Structures are given as structure tokens and as C-alpha cells.
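A quick write-up on the structure given underneath.
The values are calculated or read from the model by the stated rules, or taken from the named source; none is laboratory data. Only a predicted model underlies this, so the values are computations on that prediction, with no experimental measurement involved. Note that we place each Cβ from the backbone using ideal geometry, even for glycine, and neighbour counts take in every protein chain shown. To get the accessible areas, we keep the full protein, side chains included, count just its heavy atoms, and leave off ligands, DNA and RNA. Shrake-Rupley method; radii C 1.70, N 1.55, O 1.52, S 1.80 Å.
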Amino acid sequence: MDTTLPGRPRLPMRARLATTVGGAAATVSRLAGKGDGSVIGGVISLRLEPDLLSLLAAGRQVVLVTGTNGKTTTTRLITAALSVLGQPIASNVYGANMEAGLTSALSRAPDAPLAVLETDEKYIPPVIKATQPKVVVLLNLSRDQMDRAAEIWMLARRWREALAAAPDCRVVANADDPLVAWAASAASTVTWVAAGQRWREDSWCCPNCGAHLLREGDEWTCRECGNRRPPVSWVLSDGNVVDPAGQSQPLGLALPGRANASNAVIALAVAEAFGVGVDSALAKMRGVTSVAGRYTQVQRRGTEIRLLLAKNPAGWLEALDVMVPAPVPVLLAVNAQTPDGRDTSWLWDVDYRRLRGRPVLVGGERRLDLAVRLEADDVAFRLVDSIDDAVDAAHSPRLEVLANYTAFQQYRAVVGRTE
Amino acid sequence: MRLVWIYPDLLSTYGDRGNLLVLERRARLRGLPVEVVEVNSDQRVPLDGDIYLMGGGEDLPQVLATRRLQADGGLHEAVRQGAVLFAVCAGYQMLGTEFGGADGQPLPGLGLLDISSGRGERRGVGEILADVDPALGVPRLTGFENHQGVTRLGGDVKPLARVVTGVGNGDGTEGAHSGRVLGTYLHGPALVRNPGLADLLLTWAAGQQLPPLPPQAEELALRLRDERLAAVPAQ
Ligand SMILES: [Zn+2]
């Protein structure tokens with residue numbers, strides 16, 4: 001691996017050795033069929049050189065993307081938009097978003113002057129410190145895998161402290177999410193985006209003082225401490241983007257749903273920080289059709305299947321919005337392995353009543369948890385043992401599939417990876 | 001039957017709505033008329049509820065909710081008049097005389113149960129099994145706990161259960177009850193896998209024995225319960 005970069009400082013010997021050994025481990029892991037190898041590669045590299053992440057980031061313009069939902073898609077959309085610049089971009093396209101995954105993404109693209117990195121919301125403070133980013137993107141914050149994740153008010157507080165200590169970075173943040181807005185307001189420069197907030201169950205109260213927020217439409221105001229929605233410069237409005245000059249145009253994305261439109265407007269605000277205009281950025285973003293297998297359409301036994309991945313209540317709410325309406329059948333699948341969170345309590349935070357009257361199939365290792373939940377919402381359903389079982393039971397030209405993390409991976413392994 | 005959910009804007013962390021939905025469904029299936037009241041933290045707590053529910057919360061919301069309930073006084077009055085109160089996790093800790101605040105410092109609780117809580121050494125996260133006080137006639141509890149609290153029971157309460165697997169109060173007991181006030185570390189939708197506990201609360205509120213549900217109406221809940229009981233090894 002050549003680590004002598006034009007315009008970038010040469011890595012010290014120990015760091016060079018670390019990336020080379022890590023790269024070899026990743027190759028072995030890939031050949032052994034264990035995913036893309038980016039995590040194991042990164043872990044081995046970090047063991048050899050703990051400062052590797054900051055050494056690898058030095059001299060690059062880094063964008064960090066974080067939040068509970070939409071990180072992978074937004075990272076992909078920003079990367080597409082910045083491709084207009086015609087320079088190589090380092091990115092963790094497979095979603096390995098902790099320190100090891102980031103290290104691996106950077107060492108695989110040693111001569112890329114740009115880096116767009118999806119970053120786990122719990123690890124963003126040390127990553128800001130290590131990479132000195134040009135832009136930090138804050139998407140949203142909501143309850144997620146409570147058995148292993150930090151509580152979200154506490155997370156927002158940590159984001160705040162990290163941003164206050166990084167005066168040179170620009171934050172692009174969703175003004176419609178009160179927790180995000182409170183965290184972002186500690187930064188010195190913020191581009192506020194009205195990206196919308198479908199899920200509100202975690203932001204009824206003021207993150208600054210705890211008083212019940214007054215919410216009217218998208219506006220939110222605290223009567224106790226004066227904390228309120230900041231004035232925005234970018235707006236998502238009915239599938240259109242309104243830029244800071246007030247120009248409106250349709251997004252026209254291939255990716256479905258309100259959540260992705262919201263991710264796209266945020267990506268456009270990031271592109272602008274790099275001097276990329278809306279028209280040229282959108283032209284590239286419209287070419288993104290599938291992200292790490294999500295939204296992929298596959299044929300299985302004569303049925304057209306679309307796979308949606310969502311990991312938490314806010315994600316499920318958005319995904320249920322995206323689904324092709326009745327009478328197309330729906331397969332919902334839930335697992336509770338470690339990457340999913342072992343606790344299925346979150347199923348009770350989702351409102352399933354809109355599924356009443358359409359064919360619903362229920363699968364996954366924790367299908368009984370979901371079945372009892374649907375029963376409480378008077379949604380009729382049928383239990384299935386596998387995706388083929390669901391295809392047979394659906395008996396329909398189309399099937400919409402919504403699954404959480406490992407359930408999604410299991411189905412994808414059966415119907416085939418398409419990218 | 002009036003079900004009052006206390007402060008869903010502050011005390012609804014992870015599936016807490018499940019307890020409300022389970023009670024509502026099991027009451028309706030028996031032909032009891034049900035009204036659900038969700039009381040936010042900027043509203044007064046009504047005095048005429050039959051069952052009051054309190055969910056979990058992060059450290060700061062727990063402190064804020066306690067302060068407001070204390071100032072409001074409605075919950076105390078309802079309990080004095082004999083209402084049923086069921087609280088999980090952070091809500092359970094709040095019922096005591098004292099609990100650990102955001103930095104672990106002791107803060108005064110609502111004083112509705114003779115318990116006091118502090119912060120333990122490490123977080124108890126995982127499936128919990130516990131055998132219920134035989135006086136209550138409820139089968140083994142199955143649930144999920146996620147807390148760092150340690151709770152000491154005073155002389156005016158009884159443990160809700162004895163821990164089989166998991167942490168609970170930290171001394172081998174789990175939860176507490178006194179009169180018609182009942183709290184547990186089983187978090188979120190604790191009543192989903194424990195329909196017997198749901199029916200105990202409904203029976204207290206109705207003041208009489210309730211007819212059993214038609215078997216098909218609770219077949220799935222019992223299957224889920226059996227699956228979880230079988231999946232968790234008894235320690
Ligand atoms: Zn406030």
C-alpha cells in the first residue's frame with residue numbers, strides 16, 4: 001500500500017505498518033466470506049497505532065454524519081453530491097461506523113482528499129476530536145436499542161460538549177428535532193435545515209430545562225427558558241427543496257419516503273459548504289437507487305419483493321409510511337440478537353393501526369412478540385417461518401418486507417445480495 | 001374503568017405504552033367500559049382514575065416528573081382514596097422516599113411506597129425471572145430489566161417477588177407492593193408477558209373477581225410467555 005500522498009503528510013512508520021497489516025487482515029476476512037472485513041481490519045490496525053484515526057484524517061476535509069436514523073443513506077447521498085468535485089472520496093459505505101470502521105475506510109483510500117464518514121452517535125465526541133472535521137451532520141435523535149445504547153438526553157449533552165470544544169467545524173443540523181437543535185446550538189457555526197420530524201415521542205419536553213414544549217406545526221417553543229426552533233436556511237417542503245435563496249425545486253429522488261427526502265435536503269446543505277450547487281448535486285443524488293441492500297427489489301418465486309430495513313420505533317414509523325399501500329401484502333420481521341438489541345419492548349412504541357385491513361405476515365425469531373403487539377392494535381396477521389413461507393402465503397405479485405437488522409440480513413442472504 | 005397514564009411526555013422510554021394497551025384490552029374483552037386518560041407534565045393529575053400507570057425515564061426526566069407530581073398532589077390524593085398504582089423502573093424508584101438523582105445524589109421521592117433507592121455498582125440489563133409473593137396469586141414474572149438502581153424495602157412494604165434470574169432490587173427480591181400500590185424493575189411493557197399481574201390490577205380496581213378471558217383471546221400472550229420462560233435459564 002502506498003501511503004505517500006500528494007498534498008498529505010507522510011504517515012509515520014508505525015502507522016504505515018498498522019494500515020498495511022490491517023489491510024491484509026481485511027483482505028483475508030473478505031476472502032473468508034466474513035462481510036467486507038472493514039471492522040476486523042480496523043481493529044487490528046488500531047491495536048498497532050491508537051492515534052491512527054487522527055493520522056489518517058490529517059490533511060483531509062472530513063464530513064461526519066451522525067444521528068439515530070438515516071446515517072448510511074445520508075452518507076451515501078453526500079458522497080454522491082461531492083462526486084461532482086471529481087476527487088476521490090473515502091467513505092465507510094458498508095456502515096461500519098465506529099472507530100475501527102472509520103480507520104479502515106480511510107486507510108483503504110489513502111489518496112482521497114475528502115472523507116464522508118458515517119459515525120455511531122455514541123462515539124461522535126472522540127471522532128470529532130480525532131478527525132477535526134470540516135462539517136458535522138446531526139440528523140435526529142430518538143430511542144434506539146436501549147439495552148446497549150446510552151440514554152438520548154445524555155447523548156445530546158455529550159454532542160453539545162464535543163461541538164463546543166470544536167470551534168472550527170460547521171454543523172449542519174435538523175432544526176425540527178429539539179434534541180438535535182439543542183445539541184447543535186453549542187457549535188459556533190450552524191446551518192439549520194427544516195428536515196421535518198415524523199417521530200416526536202422523545203421530544204415533548206425541552207432538552208434545556210425539561211418543561212413541556214409548546215408545539216404548533218413544525219414550530220417548537222419552551223415557555224420556561226425561551227429555547228425555540230432556530231430560523232432555518234434550508235427547507236424540505238412536500239418533496240421539494242427550498243434553498244437559502246428561496247429557490248424551490250423537486251428532489252426527484254429514486255429513494256422512497258419522507259425520511260430520505262429529509263436526508264437529501266441535509267446532503268444538499270453539506271454540498272453547498274463544499275461549493276457544490278443544488279442542480280449538480282441533485283443530478284448525482286438522483287442516481288442513488290439502493291443503499292447497502294435497502295430498498296432493493298428482488299424477484300423470488302414470481303413475486304417482486306422490496307426489502308426495507310429499520311431498527312427502532314422512529315425507523316419503523318417512517319418505513320410504514322414508505323410502504324406501497326394496500327392491498328399489497330406486508331411481511332414484518334423482528335429478531336432480538338445483540339446487534340438488534342435484546343429487548344423487544346420498542347415494538348410497543350410503534351402504532352400499527354394503519355395496517356388494519358391489509359394482508360400482514362409476521363416473521364423473524366421474535367415473531368411472537370410482534371404478534372402479541374399486532375393483536376393489541378387489532379391488526380389481523382399470519383405467522384410465517386421463512387421468507388419463502390411468506391412469499392407462498394402472500395400469493396401476490398408484490399410483497400413489501402420490513403425487518404430489523406439481523407432479520408433483514410437473514411432475508412437478504414436468502415434472496416441474494418444485489419450489490 | 002378509568003386508566004390514567006402519568007406523564008407520557010417524560011416517563012415513556014421504551015414500550016411503556018404496552019401496559020396501558022394490555023390493561024385496556026383485557027378490560028374490554030370482559031365487557032368493562034374503559035376510558036384512557038394521558039396526562040402530560042403540564043396538566044393536572046385527575047383524582048378520579050381507577051388505575052394510574054407510571055413508566056420509565058432517564059435521570060433528568062425522573063427528577064422533573066417527581067418534582068411536578070409532588071407539587072401537583074393529585075396522585076397522592078388518588079392513592080389515598082384507594083386508586084390502584086402500577087409503576088415500572090424509574091417510576092418504581094420515584095414512589096419511594098428517596099432515589100438517586102442524575103449524579104447519584106439522593107433526592108426525595110414521592111413517598112407512596114416505603115422503599116428507598118440508590119445507584120448500584122453496575123447496570124442490570126437482561127431478562128429477569130421472579131417468583132411472585134404467594135399472597136398475590138400471580139404466576140412467575142418474566143420481563144426485561146435495564147437499570148442501575150438498588151432498592152431497599154422498608155417495613156411497610158412486601159417484596160413483589162423473589163428473583164430467580166436477574167437483579168431486581170439487588171438483594172434477591174424484586175419490586176414491592178403495599179395496599180394497591182405496586183412497583184417493579186421489569187421495565188417497559190411489563191404486563192405483556194405477565195397477564196396474571198394485569199388481571200390482579202384490574203381485579204383490585206373492579207373490587208371483584210373478573211371472569212376469565214376466552215382462551216383464544218390470550219392464546220398468543222401465553223405462547224409468548226411460555227417461549228420467554230423457556231428461553232431464559234433459571235440461575
Ligand atoms: Zn426550556
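Quote the FRET efficiency, to the nearest 0.05, computed for A:SER237 versus A:ALA164 with a Förster distance R0 of 41 Å and r equal to the Cβ-Cβ distance.
Details: r = 32 Å, r/R0 = 0.77.
FRET efficiency, A:SER237 to A:ALA164: 0.85.
Can you list residues from other chains, or at least 5 along the same chain, whose modelled amide H is less than 5 Å from the amide H of B:TYR52?
Counting only residues 5 or more places away or on other chains, the set is B:VAL4, B:VAL84, B:LEU85, B:PHE86.
Be a star and scan the stretch B:200-235 for residues whose amide nitrogen sits under 13 Å from the point 7 Å along the Cα-to-Cβ vector of B:ARG140.
Label zone hits: B:225-235.
Using just the alpha carbons, could you tell me how many Å³ per residue the convex hull of chain B encloses? Intermediate results must be reported in sequence, preceding the final value.
Numbers: hull volume 25.5 nm³, N = 235.
Each residue corresponds to 108 Å³ of Cα convex hull volume.
Return, ordered by residue number, the residues of the stretch A:363-385 whose backbone nitrogen is under 14 Å from a label point located 7 Å along Cα→Cβ of A:ARG301.
Once the point is set 7 Å along Cα→Cβ of A:ARG301, A:384-385 turn out to lie under 14 Å by backbone N, inside the stretch A:363-385.
With a probe of 1.4 Å, find how much accessible area the protein assembly as shown has per residue, and write the answer as a whole number in Å². Let's see the in-between values first.
On the way: 25010 Å² over 654 residues.
Ligands and nucleic acids excluded, the result is 38 Å² per residue.
If you take every DSSP beta bridge whose two residues both sit in chain B, what share of them, in percent to the nearest 5, is antiparallel? Don't skip to the end; give the middle numbers.
On the way: 26 of 43 bridges.
Given both bridge residues lie in chain B, the antiparallel proportion sits at roughly 60 percent.
Carbon and sulfur: what percent of the protein assembly as shown's accessible surface (1.4 Å probe)?
Working: 12520 of 25010 Å².
Summing carbon and sulfur atoms, their accessible area is 50 percent of the total for the protein assembly as shown.
Between B:ASN40 and B:LEU222, what is the FRET efficiency for a Förster distance of 51 Å, r being their Cβ-Cβ separation, to the nearest 0.05? Could the numbers behind the result be given before it?
Working: r = 34 Å, r/R0 = 0.68.
Once rounded, the FRET efficiency stands at 0.90.
Please find, in a Gaussian network model of chain A (springs between Cα atoms separated by less than 10 Å), the residue of A:GLY226, A:GLY257, A:GLY239 whose mean-square fluctuation is greatest.
Maximum among the listed residues: A:GLY226.
Rounded to the nearest 5, what is the percent of antiparallel bridges among the DSSP beta bridges in chain A? Walk me through the numbers on the way to the answer.
Details: 16 of 55 bridges.
Of all bridge pairs located within chain A, approximately 30 percent are antiparallel.
Which whole-Hz ³J(HN,Hα) couplings does the stretch B:33-42 yield from phi under the Karplus relation 6.51 cos²θ - 1.76 cosθ + 1.60, θ = phi - 60°, glycine and proline marked x?
x, 10, 10, 10, 10, 9, 9, 7, 6, 9
Mind checking Rg over Rh on chain A, alpha carbons, Kirkwood formula for Rh? Could you put the intermediate results ahead of the total?
Values: Rg = 21.5 Å, Rh = 22.3 Å.
In chain A, Rg relative to Rh is 0.97.
Which of the trypsin sites (Lys or Arg not before Pro) across the stretch B:10-56 are loop residues per DSSP, with 14 or fewer other Cβ within 10 Å? Walk me through the numbers on the way to the answer.
Working: sites: B:ARG17, B:ARG25, B:ARG26, B:ARG28, B:ARG30, B:ARG44; in loops: B:ARG30, B:ARG44.
The qualifying sites are B:ARG44.
Lys/Arg Cβ at +1, Asp/Glu Cβ at -1, dipole of the stretch A:131-180 taken about the Cα centre: which of A:ALA175, A:VAL137, A:TRP153 is farthest positive-ward?
Value: A:VAL137.
How many percent of the alpha carbon pairs in the stretch A:297-415 exceed a separation of 19 Å? Each step should come with its number before you reach the end.
Numbers: 2694 of 7021 pairs.
It works out to 38 percent of all Cα pairs.
What are the ³J(HN,Hα) values, in whole Hz, obtained from phi via the Karplus relation 6.51 cos²θ - 1.76 cosθ + 1.60 with θ = phi - 60°, for each residue of the stretch A:225-233 in sequence order, with x given for Gly and Pro?
10, x, 4, 8, 4, x, x, 9, 10
If you restrict to DSSP beta bridges whose two residues both lie in the stretch A:297-415, what percentage is antiparallel, to the nearest 5? Intermediate values should be presented prior to the final figure.
On the way: 4 of 20 bridges.
Of all bridge pairs located within the stretch A:297-415, approximately 20 percent are antiparallel.
Using the reciprocal of the averaged 1/r over all distinct C-alpha pairs, how large is the Kirkwood radius of the stretch B:95-148 in Å? The partial results should precede the final answer.
Details: mean 1/r = 0.0765 Å⁻¹.
Value: 13.1 Å, from the Cα pair sum.
Summarise the partner chain shielding of A:207-219 as one whole number: the mean count of Cβ atoms from other chains within 10 Å of each residue's Cβ. Provide the component values of the computation, followed by the final result.
On the way: counts 1, 0, 2, 10, 4, 9, 2, 1, 0, 0, 0, 0, 0.
Average neighbour count from other chains, rounded to a whole number: 2.
Can you figure out the FRET efficiency of B:LEU29 with A:GLN337, using R₀ = 51 Å and their beta-carbon distance, to the nearest 0.05? Before the final figure, lay out each step's value.
On the way: r = 33 Å, r/R0 = 0.66.
For R0 = 51 Å, the calculated efficiency reads 0.95.
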